[in-house]
Amino acid sequence: YPKRHLSIPNKEHRKYPYLMRSVSVTRPNQVWCADITYIRLAHGFVYLVAILDWHSRYVLAWQLSTTVDAGFCVDALREALRHGTPEIFNVDQGAQFTSREFLDVLEAKGIRISMDGTGRAFDNIFIERFWRSLKYEEVYLKSYDGVMDCRASLGAYIRFYNHERWHQSLDYQTPAQVHFGCAASKAS
């Protein structure tokens, strides 16, 4: 089964400083982040990467893979970039995110790269919060027979999370309302 630490650094890959200490995130597409988690299936595991907008908590893109190579992370990044371009992209120091393939996509767009400190999960707290919501509201309540079943169920949850699930920290708006500037529907 997967080990606890999915993002193992490759010592030969370049590391970037953490830029978020002095940044006030006030608008969508200012800062994006990405991370990987694993999802248990009836027989085995899949790995999930998600790319999230820090300001709105909107999940811009996600991909599943049966391996933890950089390819599925690059695919998710390219998909997310169809929605816009962030000023800063924050990730951990895992080999997938420090790979030349992943960094080349960011650098080609002129995006500033920020990397969490080693062992500092709170440096990327918004995606960690998303993992918690996803796992407690979806994954731990279900049993996925296979990759297709998992993909369909996660897709439905992410649509719900983005377009229907109100967030207290977003003044009871959905991530889509905040990200796209839609009129807010207040909870009564």
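Things worth noting here:
- Charge dipole (debye, nearest 20) of region 43-188; +1 at Cβ of Lys and Arg, -1 at Cβ of Asp and Glu: 320
- Helix content alone sets the calculated 222 nm mean residue ellipticity of the chain: runs of n ≥ 4 DSSP H residues at -39500 (n - 2.57) each, divided across all residues, give -9000 deg cm²/dmol.
- Bridge orientation summary for the chain: considering DSSP beta bridges with both residues in this region, about 70 percent are antiparallel.
- Rolling a 1.4 Å probe over the protein heavy atoms gives the chain an accessible area of 52 Å² per residue.
- For region 98-166, GluC sites (Glu not before Pro) are listed when DSSP marks them as loop and at most 16 other Cβ atoms sit within 10 Å of their Cβ; the list is E164.
- Within the chain, the proportion of Cα pairs with more than 28 Å between them is 22 percent.
- For the chain, the fraction of 1.4 Å probe accessible surface lying on carbon and sulfur atoms is 50 percent.
- Stretching R112 away from D149 to a fully extended chain increases their span by 9.7 nm, per 0.36 nm per residue minus the current alpha-carbon distance.
The values are calculated or read from the model by the stated rules, or taken from the named source; none is laboratory data. Quick caveat: nothing in here was measured; it's all calculated off a predicted structure. Cβ atoms come from the backbone with ideal geometry, glycine included; neighbour counts cover every protein chain shown. Remember, those area values only see protein heavy atoms, side chains included, never the ligands or the DNA or RNA. Shrake-Rupley method; radii C 1.70, N 1.55, O 1.52, S 1.80 Å.
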